[in-house]
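Engineer: I'd like to ask some things about the structure below.
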Amino acid sequence: MGTSYDVRVYKIEVRRNAAGKVTSHRVPWDVDGQRFRETFKLDAQADSFRSELISAQRKGEAFDTKSGLPTSMMRTSVDMSWFDLTVMYVDLKWPDLAATARQTIAEALIRVAPVFMPTGKKAPDAKELRSALRQWAYNTKVRTNGEVPADVQKILDWCSRNTVSVRLANEPDRLHRLQRAVTRQLNGKPFAPSVARKTRAVLSNLFDYAADRDLIDTNPIPAMKWTSMPKGKRKVDKRAVPNPIQARTLLQAVREVQRSGPRLVAFFGTMYYSALRPEEAAALNKRHLDLPAPKWDEERSQYRYDFGKFHLDMAEPHAGARWTDSGKPRDTRHLKSRAADEGRSVPVPPELTKLLWEHINEYGYGPDGRLFCGDRGGQVPMITYTRVWRAARRLALTEEVQATPLAGRPYDLRHAAVSTWLTGGVDPATVSEWAGHSLSVLMEIYAACLYGQDVVALRLMHQSFGHKPEGS
């Protein structure tokens, strides 16, 4: 490879069409007397490239006589727009990802997209742009299997032409804007720590992919000082966790919500009494149940219910039909934090055993053995149980309490179950096994929401100052 230090960099040439409109910006430079040119759509792109050439020249770098580039830029001689890179990255990842992970990547790329796109009169409407990215560009299944509408294709073509070059993505000013896009919403409020971390992880993996393809030298994400990342550990808001009386009151209110409420009482009951995730409850099948038959109690003239067990081996997280391979709203997956062939057993207390038998006797099983079905059969729609839960909160809680986070989501029933187990003295290692996550995650998430633990702590503190317990 021949090199030379005889380099001259000239001013940017603005190219115009017959109507006088600017069509491109060209950077000319000479290496050892040979003229080279690089053309860009935007002035900012051309100016950045020219600045890199001048910087290399001032540092005394040798320039390649064949490509005209300084040695530091040789690996990035292949050019690609940021948009084209992200689409290629999505297509690469798609086959091996769960539907929810596909959504996570798409949402992360949409959050940072404005950093790499110009603004102005010719730019698409921001709302239409986000919709085109979410529904088409970053959805491999829909984009490759369906005909992209003409208005959407126009937006995607604009993105391909106008987003900055990948090799310009790691400019200091752009990285500063990128950090803000990762950590703050459009309204300036910080993202939740978990959202910011996921977005940063997606970007870091994307930059690694760009480096592997020789589009950039190195991944800039690890070297950045992420001082603006939202702080906070993963933990449950204890204001959202219902106590035993509140949880049972809400379950009773579910029964009163017509028309879907009665068939969802046991569904919500699995989350409260056995700490199932919603996607685990939705996937429950006859083969997962180990329920003792009710026994007639002559003395009390009623049936008596004993402990049972769930033997879980799958989950059905909701992602939407557009994101799943099956075209169904729920994606069939292995259990969270478990290998594909690893199951989990969870105890079923007598109260839940009773609810489950009542459900089975009233509604039976689906044709495939499914325990909980929608009104019209098949999987329980997330929108259905969400609406029922909201209606139950309105029935069970006063307006003042409805305005608080208390039991704002069905998932808060699971939090209530785990915190109740811990408060009741169940060994944390056993609780983590039942709940389906590690001991460290258990203590990190639930340490602040154990119902009744503050009362116990105050009593112990009172005694530590020499005060005797009342009644002693």
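Engineer: How big is the charge dipole of segment 3-76 about its Cα centre, in debye rounded to the nearest 20, if each Lys and Arg gets +1 on its Cβ and each Asp and Glu gets -1 on its Cβ?
Structural biologist: Numbers: 14 positive and 10 negative charges, 67 e Å.
That gives a dipole near 320 debye.
Engineer: Pull out a ≥ b ≥ c, the square roots of the eigenvalues of the alpha-carbon gyration tensor of segment 82-212, then state rounded if a/c is under 1.5, prolate if not and a/b is larger than b/c, and oblate in the remaining case. Mind showing how you got there, number by number?
Structural biologist: Numbers: a/c = 1.39, a/b = 1.13, b/c = 1.23.
Rounded, since a/c falls under 1.5.
Engineer: As I understand it, the dipole of segment 261-301 uses +1 on the Cβ of Lys and Arg and -1 on the Cβ of Asp and Glu, about the Cα centre. Which of Leu291, Ala281, Met271 lies farthest toward its positive end?
Structural biologist: Most positive-ward Cα: Ala281.
Engineer: Once Rh for segment 209-360 is found with the Kirkwood sum over Cα pairs, what is the Stokes-Einstein diffusion coefficient at 10 °C and 1.306 mPa s, in µm²/s?
Structural biologist: Working: Rh = 19.2 Å.
It comes out at roughly 83 µm²/s.
Engineer: What is the local net charge at Gly366, summed over the other residues whose Cβ is closer than 15 Å to its Cβ (Lys, Arg +1; Asp, Glu -1)? Show your work: numbers first, answer last.
Structural biologist: On the way: positive: Arg263, Lys286, Arg287, Lys328, Arg330, Arg370, Arg376; negative: Glu316, Glu362, Asp368, Asp375.
Local net charge: +3.
Engineer: Dimensions of segment 239-454 along principal axes (Cα, Å, largest first)?
Structural biologist: Answer, in whole Å and largest first: 47, 46, 37 Å.
Engineer: Shape verdict for segment 79-119, please, from the Cα gyration tensor: rounded (a/c under 1.5), prolate (a/b greater than b/c) or oblate.
Structural biologist: Values: a/c = 4.84, a/b = 1.56, b/c = 3.10.
Oblate, since a/c reaches 1.5 and b/c is not below a/b.
Engineer: So what is the diffusion coefficient of segment 397-447 in µm² per second by Stokes-Einstein at 10 °C and 1.306 mPa s, using a Kirkwood Rh over Cα pairs? If you can, show how the numbers build up before the last one.
Structural biologist: Numbers: Rh = 12.0 Å.
The diffusion coefficient I find is 133 µm²/s.
Engineer: Using just the Cα positions, wrap segment 213-288 in a convex hull and report its mean projected area in square nanometres, one decimal place. If you can, show how the numbers build up before the last one.
Structural biologist: Working: hull surface 44.2 nm².
Here the figure is 11.0 nm², rounded to one decimal.
Engineer: Still on this model: What percentages make up the Cα-Cα pair-distance distribution of segment 5-137 when the bins are 5 Å wide from 0?
Structural biologist: Bins of 5 Å from zero give 2, 8, 15, 16, 13, 12, 12, 10, 7, 3, 1, 0 percent of pairs.
Engineer: No solvent, one uniform scatterer per C-alpha: report log10 I(q)/I(0) for segment 3-76 via the Debye equation at q = 0.11, 0.12, 0.15 1/Å, two decimals.
Structural biologist: -0.28, -0.33, -0.49
Engineer: Going by how many other beta carbons lie within 10 Å of each one, how would you line up Ile445, Ile245, fewest first?
Structural biologist: Values: Ile445 18, Ile245 8.
In order of increasing Cβ crowding within 10 Å: Ile245, Ile445.
Engineer: Which of Ser4, Ala19, Ser301 sits farthest toward the positive end of the charge dipole of the chain, with +1 on the Cβ of Lys and Arg and -1 on the Cβ of Asp and Glu?
Structural biologist: Of the options given, the answer is Ala19.
Engineer: Give the residue from Ile445, Ala247, Pro347 lying farthest towards the positive end of the charge dipole for segment 239-454; charges sit on Cβ (+1 for Lys and Arg, -1 for Asp and Glu) and the dipole is referred to the Cα centre.
Structural biologist: The residue sitting farthest along the positive end of the dipole is Ala247.
Engineer: Taking H placed 1.01 Å from N in the peptide plane, check which residues at least 5 places from Gly308 or on another chain put their amide H under 5 Å from its amide H.
Structural biologist: Val348
Engineer: Could you state, as a whole-number percent, how many of the C-alpha pairs of segment 270-373 are farther apart than 20 Å? Before the final figure, lay out each step's value.
Structural biologist: On the way: 2337 of 5356 pairs.
That fraction is 44 percent.
Engineer: Related question: Expressed as a whole number of Å, what is the distance separating the alpha-carbon centroids of segment 364-443 and segment 83-110?
Structural biologist: Using only Cα atoms to place each centre, the spacing works out to 29 Å.
Engineer: Applying the Karplus parametrisation 6.51 cos²θ - 1.76 cosθ + 1.60 with θ = phi - 60° to the phi angles of segment 3-16, what ³J(HN,Hα) value in whole Hz is obtained for each residue in order, glycine and proline being reported as x?
Structural biologist: 10, 8, 9, 7, 10, 9, 10, 9, 5, 5, 9, 8, 9, 10
Engineer: Quick check on my link table: of Lys286/Lys328; Lys238/Lys328; Lys189/Lys235; Lys189/Lys336, which ones sit more than 26 Å apart, alpha carbon to alpha carbon? Walk me through the numbers before you get to the answer.
Structural biologist: Working: Lys286/Lys328 21 Å; Lys238/Lys328 34 Å; Lys189/Lys235 20 Å; Lys189/Lys336 30 Å.
Result: Lys238/Lys328; Lys189/Lys336 exceed 26 Å.
Engineer: Size of the dipole of the chain about the Cα centre, Lys and Arg at +1 and Asp and Glu at -1 on the beta carbon, nothing else charged, in debye to 20?
Structural biologist: Numbers: 72 positive and 54 negative charges, 279 e Å.
In debye, rounded to 20, the chain gives about 1340.
Engineer: Fully extended, how many nm does the chain gain between Arg197 and Ile54 (0.36 nm per residue separation, minus their Cα-Cα distance)?
Structural biologist: Net length gain for the segment: 47.8 nm.
Engineer: In debye, nearest 20: dipole of segment 211-312 around its Cα centre with unit charges on the Cβ of K, R (+) and D, E (-)? Don't skip to the end; give the middle numbers.
Structural biologist: Values: 19 positive and 12 negative charges, 72 e Å.
Approximately 340 debye in magnitude.
Engineer: Still on this structure: For the chain, just the Cα set please: Rg and Dmax, both in angstrom.
Structural biologist: When restricted to the Cα atoms of the chain, Rg and Dmax are 29.6, 106 Å.
Engineer: Any chance you could check the Cα centroid distance between segment 238-290 and segment 111-176 for me, in angstrom?
Structural biologist: Taking the Cα centre of each part, segment 238-290 and segment 111-176 sit 41 Å apart.
Quick note: the coordinates plus some simple rules give every number you see, no bench work behind them. Quantities reported herein were computed from a predicted structural model and do not represent experimental measurements. Quick reminder, even Gly has a Cβ in these numbers, built from the backbone with ideal geometry, and neighbours come from all protein chains shown.
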